[in-house]
Amino acid sequence: MEGTKLEISGQANNETRSPTATYKPIPEKDMEEEAASRSKSLTKVKSGKEADGADEKMLPQDDDKVINSGIVLSDVKISPNEKQNGDAKLDIGEPKLFGGMDKEELMKYANDPFWVRLRWFLFITFWVLWAAMLVGAVLIIYAAPKCDPPPPRTWWQEGPLTEIQPDTTPEDLKLIDNNVKGIIVNWLEDAYIDFDESHDIIKLIKQAKDLEKKVIIDLDPSASNIWYEDSESNKESLSDFYIWRPAKNTADGGASVPNNWLNVNNQSSWKFSTKRQEFYYAPFDKPHLNFRNENVTKKFSDVISKFLEYGAAGIRIKNAPFLLVDPEFKNEDIAVGASAVGFGLKQHNFYTHKRTQNLPELGPLLKQWRAVVKNKTGDGPFMVEEELTKTNVYRVNTALMVDLPVQAHAFTKPNILVGELIKSLNDTFNIENIEWPLWVVNTTALPKDVLSILTNLLPGVPLIEPTDVPNKHLLKIRTSPSVMRGICSIHSVNNETAFGFIRVTSGNPGVLVLLNTQNEKVTVNVPKEIPALSSLTEVTVQLYSENFNETEFLDVNAKKDARAVPISPKSAIVLSYVPKKKE
């Protein structure tokens, strides 16, 4: 007869269920022997006595030890099961696992003083730190270096400017348009003479100031007769106020000029003083001052200061290229090439004039006078009358010492060709690095209003006639950020039959100006002809010249197709567009 054997596994199952029991058949004899042995063991356990150490093999000595599943052995109860042939029944209860405190246990600590204080401390600490970070962020933003906006254009950079004669009457002064920002007045007398507020020019300055017009005085610092007699007499403090040179001896015992320097009238620039028995330099028929003498330089600084104190808002000087001469008084070199063709030894154009014009020390000399103007006015201009032919000599450490340098060659030719115009403008902006020139126009190649559109919307300031009335809408476009601060990109379009330029700055509509210099109508495909606007599809009409008669583009503020912009002969049109954002 066969029985069954019960095997109990002490390993806990992850699932909540009773220990698993499995049965396998065993011989009846073995079963009886095992039952008897088990009965003896149980008897010993109940009595607390040990027989042979077998119980120690069955259970550990540490009754409270938890094995694997967290079951505590002291909680295990063994009871005989009479229905199962003396088998024992094990009751292990529920495993005791720690799952944290419940609500009732936590509430015991809710009003505990220690925990109350700790909670308040953490609460207050959190908000203090949060507030500190907020204040710190604000302070960082406030103290961080800011990108300063570009300074606004000065009154003379806004323009336009005009030039009047000294005999202009108060009535004529009132007729000058209010949109003219500055008036240049020529001082025709010796700049170094003594004068007071009764002088006509000083009265004119005051009248202009009453009309809210600013005056720029035009002076010639190069020559004066004031100190000549004392210098000719070799008076110690004034002996070198002028440029003196000893005569050269000729073969027949006569006196010869120091060198070959000629004035524009093809005559020697030297004049002889019988009293001093020396030649003095006088290229403009007056004794030329020696600006290598610091006392002479200071004399003109005093002249500038005096005019500014009487109300002048700026200074323009003439004959600036001729102020300094070669200190070694060497002969002029003969010009090479076409510039000397057709001229002889006794003619001014036969020589290079490197010894008498645009010497390298000119920049530092002008810097001293410029500083006087800026110190007295704050924002007044310091200008020169002549167009700069060698811009580098008017610079000090790359900074140009002249405001509004004149640019006249672009708009003075009888015929304006697109290629020549683009070269001239590129030379001005990119080669000579002139940022804001004074445009002087003297040509009939294009209508006056067309030239006005160009000179008002190109970088720089137009010089207009006193009787001119600027176009109000054109001036409004001129004051836009794209024109006042924007970059300028110049383009030849339609195989040099038309000319265009772009003015644009970040965050503002761009301005596109198109000019037709031909005698026939042209049609411009803007995105095709101008790479910077290759994605442009439409433009908005802003302004056009009087002779522009393309009916489909006569509606101001109307949007038009950028791929077909018609331009009448000898006319110009101003368009605006929305720049594409950079990806």
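Taken together, the residues in segment 497-533 that are among the charged types (D, E, K, R) and either in contact with a helix residue (DSSP H, G or I) (Cβ under 7 Å, 6 or more places away or on another chain) or within 17 Å of Y544 (Cβ to Cβ) (or both) amount to 2. Here is the figure for segment 211-222: residues that are in contact with a helix residue (DSSP H, G or I) (Cβ under 8 Å, 6 or more places away or on another chain), within 30 Å of L362 (Cα to Cα) and in a loop (DSSP other than H, G, I, E, B) total 2.
Taking segment 463-496, which residues are in contact with a strand residue (DSSP E or B) (Cβ under 6 Å, 6 or more places away or on another chain) and over 22 Å from N516 (Cα atoms)? If the condition is that a residue be in contact with a strand residue (DSSP E or B) (Cβ under 6 Å, 6 or more places away or on another chain) and over 22 Å from N516 (Cα atoms), then L463, I464, P466, S482, G486 are the ones that fit. Going residue by residue through segment 212-219, is there one that turns out to be out of contact with any Leu (no Cβ under 8 Å at 6 or more places or on another chain) and either more than 25 Å from N293 (Cβ to Cβ) or without any contact (Cβ under 8 Å) to a residue 60 or more places away in the chain (or both)? Scanning segment 212-219 turns up at least one residue that is out of contact with any Leu (no Cβ under 8 Å at 6 or more places or on another chain) and either more than 25 Å from N293 (Cβ to Cβ) or without any contact (Cβ under 8 Å) to a residue 60 or more places away in the chain (or both).
Within segment 324-358, being farther than 25 Å from K248 by Cα and part of a loop (DSSP other than H, G, I, E, B) holds for V336, G337, V341, G342, F343, N358. Within segment 499-514, can you find the residues that are within 17 Å of K423 (Cα to Cα) and surrounded by fewer than 24 Cβ atoms within 10 Å (Cβ to Cβ)? Matches in segment 499-514: F501, I502.
A count restricted to segment 414-438 and to residues that are in contact (Cβ under 8 Å) with a residue 12 or more places away in the chain and part of a helix (DSSP H, G or I) stands at 9.
Of the helices (runs of 4 or more DSSP H) lying entirely inside segment 439-525, not one carries at least 2 residues that are over 27 Å from I164 (Cα atoms) and among the polar types (S, T, N, Q).
For residues that are assigned to a strand (DSSP E or B) and either aromatic (F, W, Y) or outside the structural domain of L575 (by TED's automatic domain parsing) (or both), tally how many sit in segment 546-559. Total meeting the criteria: 0.
For segment 370-381, filtering for residues that are surrounded by fewer than 20 Cβ atoms within 10 Å (Cβ to Cβ) and either under 25 Å from S269 (Cβ atoms) or without any contact (Cβ under 8 Å) to a residue 60 or more places away in the chain (or both) leaves 4. Scanning segment 425-462 for residues that are closer than 17 Å to A572 by Cβ and out of contact with any strand residue (DSSP E or B) (no Cβ under 6 Å at 6 or more places or on another chain) yields V441, T443, T444, A445, L446, P447, K448, D449, L451, S452, L454, L458.
So if I check each of I487, I502, which one is under 23 Å from the mean Cα position of the chain (by Cα), free of Cβ contacts under 8 Å to residues at least 24 places away in the same chain and in the same structural domain as N426 (by TED's automatic domain parsing)?
Values: I502 fails: free of Cβ contacts under 8 Å to residues at least 24 places away in the same chain.
After applying the criteria, what remains is I487.
Can you find a residue that is out of contact with any Cys (no Cβ under 9 Å at 6 or more places or on another chain), under 30 Å from Q267 (Cβ atoms), buried (at least 23 other Cβ atoms within 10 Å of the Cβ) and touching a residue at least 60 places away in the same chain (Cβ under 8 Å) anywhere in segment 293-302? Among the residues of segment 293-302, at least one is out of contact with any Cys (no Cβ under 9 Å at 6 or more places or on another chain), under 30 Å from Q267 (Cβ atoms), buried (at least 23 other Cβ atoms within 10 Å of the Cβ) and touching a residue at least 60 places away in the same chain (Cβ under 8 Å), which makes the answer yes.
Contact annotation: residue pairs with Cβ atoms under 9 Å, 6 or more positions apart or on different chains, pairing a residue in segment 462-478 that is closer than 14 Å to D449 by Cβ with a partner that is basic (K, R) and surrounded by fewer than 18 Cβ atoms within 10 Å (Cβ to Cβ), are D468/K448. Only one of the numbered conditions (1) over 36 Å from the mean Cα position of the chain (by Cα); (2) at pLDDT 95 or above; (3) among the charged types (D, E, K, R); (4) not in a helix (DSSP H, G or I) is violated by R316, and that is (1). Every condition in (1) part of a strand (DSSP E or B); (2) among the small types (G, A, S); (3) farther than 18 Å from N516 by Cβ is met by A532 except one, and the failing one is (1).
Scan segment 537-545 and give yes if some residue there is in a loop (DSSP other than H, G, I, E, B), closer than 19 Å to R478 by Cβ and at pLDDT 95 or above, otherwise no. First the steps, then the outcome.
Going through segment 537-545, the residues in a loop (DSSP other than H, G, I, E, B) turn out to be 537, 545.
Applying the additional criterion that residues be closer than 19 Å to R478 by Cβ yields 545.
Narrowing the set further to residues that are at pLDDT 95 or above leaves 545.
Within segment 537-545, one or more residues are in a loop (DSSP other than H, G, I, E, B), closer than 19 Å to R478 by Cβ and at pLDDT 95 or above.
Restricting D468, D403, D449, D427 to residues that are of a type in the set (D, E) and buried (at least 22 other Cβ atoms within 10 Å of the Cβ) narrows the list to D403. Going by the conditions given, is S571 surrounded by 19 or more Cβ atoms within 10 Å (Cβ to Cβ), under 23 Å from the mean Cα position of the chain (by Cα) and touching a residue at least 12 places away in the same chain (Cβ under 8 Å)? Spelling it out, it is not the case that S571 is surrounded by 19 or more Cβ atoms within 10 Å (Cβ to Cβ), under 23 Å from the mean Cα position of the chain (by Cα) and touching a residue at least 12 places away in the same chain (Cβ under 8 Å).
The values are calculated or read from the model by the stated rules, or taken from the named source; none is laboratory data. This structure is a prediction, so every number in the text was calculated from the model and none was measured. Because the Cβ atoms are built from the backbone with ideal geometry, glycine has one as well, and the counts that use them run over all protein chains shown.
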